[in-house]
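*Asks:* Quick one: the structure is below, and I'll ask about it shortly.
Quick note: the coordinates plus some simple rules give every number you see, no bench work behind them. From a predicted model like this one, the values you see are computed outputs, not experimental measurements. Cβ placement follows ideal geometry from the backbone for every residue including glycine, while neighbour counts extend to all protein chains displayed.
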Amino acid sequence: MSRKLIDGSFGIKTRAVHSGNEVDKETGAIRRPITMANSYALPYDPSDLNWSSSEGGIYTRNGGANQRYLEQKLTDLESGEDCVVLASGVSALSAVFFTFLKSGDHAVFSDNTYIAAYRLLHELLPSKYGIETSMVDTSRIDEVRSAIRPNTRLIHIETPANPTLKISDIKEIAEISKSIGSIFSVDNTFASPCNQRPLELGANLCVESLTKYINGHGDAMGGAVIGNSNLIKRIRQEAMVNQGATASPFNAWLIMRGSVTLPLRMRQHNESALEIAKFLESRKEVRFVDYPGLESHSGHEIAARQMQGFGGVMAFGLEASNDAHNRFVSFLRVITSAVSLGHDESLIVFLGENDERRDLYPEHFRKGFFRFSVGLEDAFDLIKDISQALDKTFPR
């Protein structure tokens, strides 16, 4: 199956299987091989080559074969024109900020984001490079508008947000960004292209931590930025080659393999998470549940409008002390206490009252809460596990 036969007219499950894959010309294998080389054969006279070029095979830091195959697949899945694959989700974020911001520029970003985005935009870029930033509640459109300055060059949001599941309106913010001529980037990691495609909603760039849902197996790291070809070309040339955060061939191959089942996995994550969120809402020991698929969620209407599914991550808190939250985790037998999300196994992490960003979270989060990534186990087994842990934490 040649990639040129697969385009946006095919369903996402078909594209997940076939995009980026072709018959290997040398062996006839119907799967792309792992090309572990870090260097490629040069032409007869290499003297006029640009050694920092990302075009063609020179050196794997400038782009390798497996990376290119994965970029083809992600371009199709996200409805983009081009994609650059990098070593991690954080390197993808860094690449966007490094490429499109310079001293004296201003960026607006979500107050609830992945910790590295917060650290880069709130602390490191302002202190090291004189970039001005405004951290706002991007779920409130009026706050986004109020934060705009004449030198605003980037608006960056995360929706659903990590770790609070706050929802921002991509279309509305895209209109604001377009009106001022800024770049608009959306971190889509919690949703994946199966549940949300920011480029179709007006974003210029979509950022994915491939480590999470797109790989899906907890065994590889990667990141990607997808968008129009001119913007991605700049990221590839300025950030990837010169910062060197290139994905390894093996990680790119693992993520390519994992991505084939993404639509099937996301359907299960979506279904199980909604069932479990409803169960948690029914338990008196549970102080709150924030999951965009629940009608009680403040961003439910926007999420229902811009998402095809609500994802596998939720936040919830107990009517209990920090110690009781940790005891609850110790009683779990199926769910694993670990960071990350989007794995085949369910993962839970407790964020207590000493979290450095506590004051940025909605009020009901500030007594401590769990970020819970629902895996692919049977939903009834997960509910049973949570139920027995609650019963032990709150004995009658």
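*Asks:* For all pairs of alpha-carbon atoms in the stretch 262-393, what percent lies in each bin of width 10 Å, listed from the first bin to the last filled one?
*Replies:* 13, 45, 35, 7
*Asks:* Also, quick follow-up: Have a look at the stretch 3-259 and give its Rg and Dmax from the Cα atoms, expressed in angstrom.
*Replies:* 18.4, 60
*Asks:* Can you tell which of Gly64, Gly317, Met266 lies farthest toward the positive end of the dipole of the chain, using +1 and -1 charges on the Cβ of basic and acidic side chains (Lys, Arg; Asp, Glu)?
*Replies:* The Cα lying farthest towards the positive end belongs to Gly64.
*Asks:* Sticking with this structure for a sec: Compare the peptides 83-92, 332-341 by average per-residue count of other Cβ atoms within 10 angstrom and give them in order, highest first.
*Replies:* Per-residue Cβ counts within 10 Å, averaged per peptide and sorted highest first, yield 83-92, 332-341.
*Asks:* Now, a different point. Can you give the helix-only mean residue ellipticity at 222 nm for the chain, where every DSSP H stretch with n ≥ 4 adds -39500 (n - 2.57) and the sum goes over all residues, rounded to the nearest 500 deg cm²/dmol?
*Replies:* The helix contribution divided over the chain gives -9500 deg cm²/dmol.
*Asks:* At most 15 other Cβ atoms within 10 Å and a DSSP loop assignment: could you name the GluC sites (Glu not before Pro) in the stretch 30-116 that fit?
*Replies:* Taking the stretch 30-116 and a limit of 15 other Cβ atoms within 10 Å, the loop GluC sites (Glu not before Pro) found are Glu55, Glu81.
*Asks:* Counting pairs on different chains as well as pairs 8 or more places apart, how many Lys pairs in the stretch 262-393 have Cα atoms under 18 Å apart?
*Replies:* Total qualifying Lys-Lys pairs in the stretch 262-393 comes to 5.
*Asks:* Mind giving me the FRET efficiency for Asp48 and Lys13? R0 is 45 Å, r the Cβ-Cβ distance, nearest 0.05 is fine.
*Replies:* FRET efficiency, Asp48 to Lys13: 0.50.
*Asks:* If you take every DSSP beta bridge fully contained in the stretch 262-393, what fraction is antiparallel? Give it as a percent rounded to 5.
*Replies:* Once the DSSP bridges in the stretch 262-393 are tallied, antiparallel ones form about 85 percent.
*Asks:* Students often check this: by mean Cβ neighbours within 10 Å, which of 293-303, 27-37 ranks highest, and how do the rest follow?
*Replies:* Put in order of decreasing packing, that is 293-303, 27-37.
*Asks:* Just tell me, in residue order, which DSSP H segments of the chain are both 27 angstrom or longer along the helix axis (alpha-carbon based) and at least -0.5 in mean Kyte-Doolittle hydropathy.
*Replies:* For the chain, where a helix must reach 27 Å along its axis and average at least -0.5, the hits are 262-282.
*Asks:* Determine the gain in length on full extension of the stretch Ser179-Val339; use 0.36 nm per residue of separation and subtract their C-alpha separation, reporting nm with one decimal.
*Replies:* Residue separation times 0.36 nm, minus the Cα-Cα distance, leaves 53.8 nm.
*Asks:* Given a Förster distance of 35 Å, report the FRET efficiency between Asn326 and Arg267 from their Cβ-Cβ distance, rounded to the nearest 0.05.
*Replies:* E(calc), rounded to 0.05, equals 0.60.
*Asks:* With both bridge residues required to lie in the chain, what share of the DSSP beta bridges run antiparallel, to the nearest 5%?
*Replies:* If I count the DSSP bridges inside the chain, around 55 percent turn out antiparallel.
*Asks:* Under a 5 Å amide H to amide H cut-off, with H placed in plane at 1.01 Å, what residues pair with Gly218 once short-range neighbours are removed?
*Replies:* Those qualifying (amide H under 5 Å, at least 5 residues apart or on another chain) are Asp344.
*Asks:* Excluding Arg31 itself, calculate the net charge of residues whose Cβ lies under 9 Å from the Cβ of Arg31, where each Lys or Arg counts +1 and each Asp or Glu counts -1.
*Replies:* It works out to a net charge of +1.
*Asks:* How large is the Kirkwood hydrodynamic radius of the stretch 88-145, counting all unique pairs of alpha carbons, in Å?
*Replies:* Kirkwood hydrodynamic radius for the stretch 88-145: 11.7 Å.
*Asks:* Quick one: Cα centre-to-centre distance for the stretch 151-219 and the stretch 298-322, in angstrom?
*Replies:* 16
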